[in-house]
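Participant: What follows is a single structure, and I will ask about it in a moment.
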């Protein structure tokens, strides 16, 4: 959403690349592209980081020491700074197994700000690896249940690598769980957008005339309302319990339904640009000999559109898709940031986690760790951009190396 | 030129009607209205509700309501705000104005920074400076602006901590919240103006960041392409100075797509400004829109949608005109 201008220019470049890519050599198109992509160091770097991030999100339950919604009321653990991990034994001065101390809370005599102090007099709690926590089971890919955690410390000590939020929930764990939502919503919404955009674009380009006019007008209409406002209004109204849709789901939407709703809303708001570009590609493709031949052989219109014309746009669409994902990720985190995404209670999203940092009565200089969830957003968007650029160059024969 | 403007203007009408209809239909997604909640209050009689409902035209079918509402808009009446009981125009005027300040400031900043950066990068292609610019622009494209705003706020506070300890100065370099300082009303007009500009620097910069990054990258590409073209070689062989070649011959055609893109830039700036407004407590459209929508003040919500889409379309029109002025190849006929 934020960078439509450059996105358009990049799309134009990608279109040239796609047309040029049709004239390949002896190797298959996929092979050429992959060979080209592999030489693109920065894009490869992006791909590696992205893979790591998606794996971490998938195995969030295992990597996170705490459950998504786990917190204790006593002793107070709200806004705890990151727990300090000690590597050096204070008595011998030698490296040792990493351990933490328990923390006690106190009020600063001057500012009345709550401060947490390490209880260095108390026992040390060594960090244990591969601990079982039967009280907090989790599921991987929604099916495999387990309670094995990569690391943890024995009660009553706790380990908060990135501090805690206003309720004392572990930020490190929540960032990992948040990735499950923030990394997937964008990708799914792109598919919704793409499906809508492809159908509309192919129909508009194939039939032309009135149908084309009507569809392009619809795109213009969607474009005429600022996207963010449309998102805000749709996301709020669809969530309203009195809404007929919400009632069909049962009064309160579950987190899964909210998730689906956000995907659909994002996809609905974003399909216009895709439809426009696919239309223009189809306009030129339908005049190609093979399309005319298919028609002459008596193929039905639907068959010509979806069997002959649409595949011609594939390489281009792949690039567009990759470059569109970061925009959708930003849109989702933005919506969650406004509190219109998944709810606090049973899920986490990076935007929602960042929202904590702007809550009323919070001075960010006292709780800077609340900004950490912004870093994975930044990384994910950056890497998708890098991969998209790499893919575009790989498809472009003028940039072959 | 005038017939062109008029024709383009008429072209906008169906789009505008479509956009308002869409907005109106969306606003009808929620059954019940402001009065449904009011009807639950024990001291409000059913007759009062019915009277108000008739007064606001809420008892009519949707299409009738739309036509009526549209008719009023054409006459410049956006309806009444249920929640504050005054004309919508009064409620939305200030926020829209405030958002526009921010967007205009961001646009100016965008052009002022992106053009020199893009030209620099293109002229010094593959040097360290060029690589630094493109690294920074990747950064600018990827950072969510609400996060960037939060990071800047934190840095400003940390800087204050630093100056307080070392120099005993505990002021903020830039204000980080709101649009005016307290006591703004009693300032002289000149002071009032500078006060707002001062408040605008951080949010304006944040709003412009992604645009600057994208703009710089594309301008660099365009410039490189033009600098290698035949007419530049001719200009060089004629003995023209490097400065004249860069700025008069290469930059002018390279910049044309951006003029065409102003219209496309506006929605992203307005949208981008929205989240920054929330973080930095800027009294613009988005905070008020969120407020209105939670209160189901439907005509205020619609008012924001209508006016912002109108502004968008006017922006597009202006960029078309600018394009025609900047590009001698375009004729209006």
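Participant: Among the residues in the range B:312-331, are any at the interface with another protein chain (Cβ under 9 Å from one of its Cβ atoms) and more than 16 Å from residue B:103 (Cα to Cα)?
Facilitator: No.
Participant: Sort through B:323, B:251 and tell me the only one that's at pLDDT 85 or above, over 19 Å from the mean Cα position of the chain (by Cα) and over 27 Å from residue A:230 (Cα atoms).
Facilitator: B:251
Participant: Could you list, in sequence order, the residues of the range B:264-276 that are more than 7 Å from chain A (Cβ to nearest Cβ) and either at pLDDT 80 or above or touching a strand residue (DSSP E or B) at 6+ places or on another chain (Cβ under 7 Å) (or both)? Spell out the reasoning first.
Facilitator: First pass over the range B:264-276, keeping only residues more than 7 Å from chain A (Cβ to nearest Cβ): B:266, B:269, B:273, B:276.
Matches in the range B:264-276: B:273, B:276.
Participant: On to the next question. In the range B:175-190, which residue that is touching a helix residue (DSSP H, G or I) at 6+ places or on another chain (Cβ under 9 Å) and free of Cβ contacts under 8 Å to residues at least 40 places away in the same chain is surrounded by the most Cβ atoms within 10 Å (Cβ to Cβ)?
Facilitator: B:175
Participant: Something else about it: Is it the case, given these coordinates, that residue A:338 is facing chain B (nearest Cβ under 10 Å), under 18 Å from residue A:261 (Cβ atoms) and surrounded by fewer than 24 Cβ atoms within 10 Å (Cβ to Cβ)?
Facilitator: yes
Participant: Any residue in the range B:241-263 that is out of contact with any strand residue (DSSP E or B) (no Cβ under 7 Å at 6 or more places or on another chain), more than 13 Å from chain A (Cβ to nearest Cβ) and not in a helix (DSSP H, G or I)?
Facilitator: The answer is yes; a qualifying residue exists.
Participant: Right, residue B:226: modelled with pLDDT of 80 or more, part of a helix (DSSP H, G or I) and touching a strand residue (DSSP E or B) at 6+ places or on another chain (Cβ under 7 Å) or not? Lay out the reasoning, then the answer.
Facilitator: Values: modelled with pLDDT of 80 or more: yes; part of a helix (DSSP H, G or I): yes; touching a strand residue (DSSP E or B) at 6+ places or on another chain (Cβ under 7 Å): no.
It is false that residue B:226 is modelled with pLDDT of 80 or more, part of a helix (DSSP H, G or I) and touching a strand residue (DSSP E or B) at 6+ places or on another chain (Cβ under 7 Å).
Participant: List every residue pair whose Cβ atoms sit under 7 Å apart, with the two residues 6 or more apart in sequence or on different chains, where the first one lies in the range B:123-149 and is more than 10 Å from every other protein chain (Cβ to nearest Cβ) and the second, anywhere, is crowded, with 24+ Cβ neighbours inside 10 Å.
Facilitator: B:130/B:121; B:133/B:121; B:133/B:216; B:134/B:121; B:134/B:217
Participant: Now for a separate question. Mind telling me which of the residues A:367, A:381 ends up being within 11 Å of chain B (Cβ to nearest Cβ) and under 15 Å from the mean Cα position of the chain (by Cα)?
Facilitator: Values: A:367 fails: under 15 Å from the mean Cα position of the chain (by Cα).
Going through A:367, A:381 in turn, just one is within 11 Å of chain B (Cβ to nearest Cβ) and under 15 Å from the mean Cα position of the chain (by Cα): A:381.
Participant: Could you check how many residues of the range B:150-171 are touching a helix residue (DSSP H, G or I) at 6+ places or on another chain (Cβ under 6 Å) and more than 10 Å from chain A (Cβ to nearest Cβ)?
Facilitator: The total comes to 3.
Participant: Kindly evaluate residue B:287 against the criterion of being in contact with a helix residue (DSSP H, G or I) (Cβ under 8 Å, 6 or more places away or on another chain), part of a helix (DSSP H, G or I), surrounded by fewer than 24 Cβ atoms within 10 Å (Cβ to Cβ) and at the interface with another protein chain (Cβ under 9 Å from one of its Cβ atoms).
Facilitator: Numbers: in contact with a helix residue (DSSP H, G or I) (Cβ under 8 Å, 6 or more places away or on another chain): yes; part of a helix (DSSP H, G or I): yes; surrounded by fewer than 24 Cβ atoms within 10 Å (Cβ to Cβ): yes; at the interface with another protein chain (Cβ under 9 Å from one of its Cβ atoms): no.
Considered against the rule, which asks whether it is in contact with a helix residue (DSSP H, G or I) (Cβ under 8 Å, 6 or more places away or on another chain), part of a helix (DSSP H, G or I), surrounded by fewer than 24 Cβ atoms within 10 Å (Cβ to Cβ) and at the interface with another protein chain (Cβ under 9 Å from one of its Cβ atoms), residue B:287 comes out as no.
Participant: Related question: Give me the pairs, please: first residue somewhere in the range A:203-225 and in contact (Cβ under 8 Å) with a residue 24 or more places away in the chain and away from chain B (no Cβ under 14 Å), second residue anywhere and buried (at least 20 other Cβ atoms within 10 Å of the Cβ) and not in a helix (DSSP H, G or I), beta-carbon distance under 8 Å, and either six or more positions apart or on two chains.
Facilitator: A:205/A:286; A:206/A:286
Participant: Moving on. Please work out if residue B:96 is surrounded by fewer than 23 Cβ atoms within 10 Å (Cβ to Cβ), farther than 24 Å from residue A:377 by Cβ and within 13 Å of another protein chain (Cβ to nearest Cβ).
Facilitator: Yes: the conditions hold for residue B:96.
Participant: Search the range B:26-51 for residues that are at the interface with chain A (Cβ under 10 Å from one of its Cβ atoms) and modelled with pLDDT of 75 or more and pair each with any residue that is surrounded by fewer than 13 Cβ atoms within 10 Å (Cβ to Cβ) and assigned to a helix (DSSP H, G or I) when their beta-carbon atoms are under 7 Å apart and the residues are at least 6 apart or on different chains.
Facilitator: Here the result reads B:28/B:62, each pair linking the range B:26-51 to a residue that is surrounded by fewer than 13 Cβ atoms within 10 Å (Cβ to Cβ) and assigned to a helix (DSSP H, G or I).
Participant: Kindly evaluate residue B:299 against the criterion of being in contact with a strand residue (DSSP E or B) (Cβ under 7 Å, 6 or more places away or on another chain), outside any loop (DSSP other than H, G, I, E, B) and touching a residue at least 12 places away in the same chain (Cβ under 8 Å).
Facilitator: In short, yes.
Participant: Any idea which of (1) at pLDDT below 80; (2) in contact with a helix residue (DSSP H, G or I) (Cβ under 6 Å, 6 or more places away or on another chain); (3) part of a helix (DSSP H, G or I) is the one residue B:54 doesn't satisfy?
Facilitator: Of everything listed in (1) at pLDDT below 80; (2) in contact with a helix residue (DSSP H, G or I) (Cβ under 6 Å, 6 or more places away or on another chain); (3) part of a helix (DSSP H, G or I), residue B:54 misses just condition (2).
Participant: Now a separate question. Across the range B:73-88, what is the number of residues that are within 16 Å of residue B:19 (Cα to Cα) and free of Cβ contacts under 8 Å to residues at least 12 places away in the same chain?
Facilitator: Residues in the range B:73-88 being within 16 Å of residue B:19 (Cα to Cα) and free of Cβ contacts under 8 Å to residues at least 12 places away in the same chain: 1 in total.
Participant: Take residue A:334 and tell me if it is under 22 Å from residue A:271 (Cβ atoms) and at pLDDT 85 or above.
Facilitator: When the stated conditions are applied, residue A:334 passes them.
The values are calculated or read from the model by the stated rules, or taken from the named source; none is laboratory data. On a predicted model such as this, the values are computed, not experimentally measured, just so you know. Note: ideal-geometry Cβ built from the backbone for every residue, glycine included; neighbour counts use all protein chains shown.
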